[in-house]
Amino acid sequence: MIEQTLMLIKPDGVRSNRIGQVISRIEKEGFRICGMKMLRLQPETAAEFYAAHREKPFYADLLTFMVSDRIVALVLEREEAVTRLREVIGATDPAEAAVGTIRKKLASNKQENVVHASDSLSNAQVETSFFFSREELLSMLKKSTMP
Ligand code: CMP
């Protein structure tokens, strides 16, 4: 099934000039970029985005990290996009990530792990709405009028 999912390039990926490398890899894996924007997360938005981790010991540090620089948010589309993107980015901890994954190659540690990808189709919809308005999402569905 064709799905859309959300990917974030986190502050460490932006700071280390890896935006192009991550996007190039994603395109090679057959994802179509439907939407993309660079922004700086507000603390309240970061707290809400990662609310599922509120009780975790790393939550406060995670929020500090996520607002420490700009991020890039992308809506990506392909067959089985949610599962496939999780495979391509690899495990949270780069030490445990499979060889060839983005995190194995680029991540520093469990927190500064370059990218985030939604873990289910329903979360993909919720997470996408943090970054893209209804109008922007509708415009992604419209066919280009350019030749
Ligand atoms: P992400 O896939 O964005 O989802 C939750 C994030 O919390 C995760 O990537 C990491 O950035 C961070 N995280 C998860 N586990 C740990 C941990 N044990 N220590 C520090 N940060 C973590």
Longer than 20 Å from Cα to Cα, which of Lys37/Lys105; Lys28/Lys142; Lys37/Lys104; Lys10/Lys105 are they? Say none if no pair is. Lys37/Lys105; Lys28/Lys142; Lys37/Lys104
Would you work out which of Met38, Leu121, Gln4 lies farthest towards the positive end of the dipole of the chain? Charges go on Cβ: Lys and Arg +1, Asp and Glu -1. Met38
Where the only charges are on Cβ atoms (+1 Lys, Arg; -1 Asp, Glu), what is the dipole of the chain about its Cα centre, to the nearest 20 debye? 460
Per residue, what accessible area does the range 2-141 have, given a 1.4 Å probe and all protein chains present, in Å²? 52
Going residue by residue through the range 93-101, the Karplus relation 6.51 cos²θ - 1.76 cosθ + 1.60 with θ = phi - 60° gives ³J(HN,Hα) values, rounded to whole Hz and with x marking Gly or Pro, of 8, x, 5, 9, 6, 5, 4, x, 7
When the accessible area of the chain is split by element with a 1.4 Å probe, what percent falls to carbon and sulfur? 52
Chymotrypsin sites (Phe, Trp or Tyr not before Pro) lying in DSSP loop within the range 58-95, provided at most 12 other Cβ fall within 10 Å: Phe58
Heavy atoms only, 1.4 Å probe, whole protein assembly: order Ser133, Ser139 by accessible area, highest first. Ser139, Ser133
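The values are calculated or read from the model by the stated rules, or taken from the named source; none is laboratory data. The structure presented is a predicted model; accordingly, all values stated were derived computationally and were not measured. Cβ: placed from backbone, ideal geometry, glycine included. Neighbour counts: every protein chain shown. Areas reflect the complete protein model, heavy atoms only, side chains present, ligands, DNA and RNA absent. Shrake-Rupley method; radii C 1.70, N 1.55, O 1.52, S 1.80 Å.
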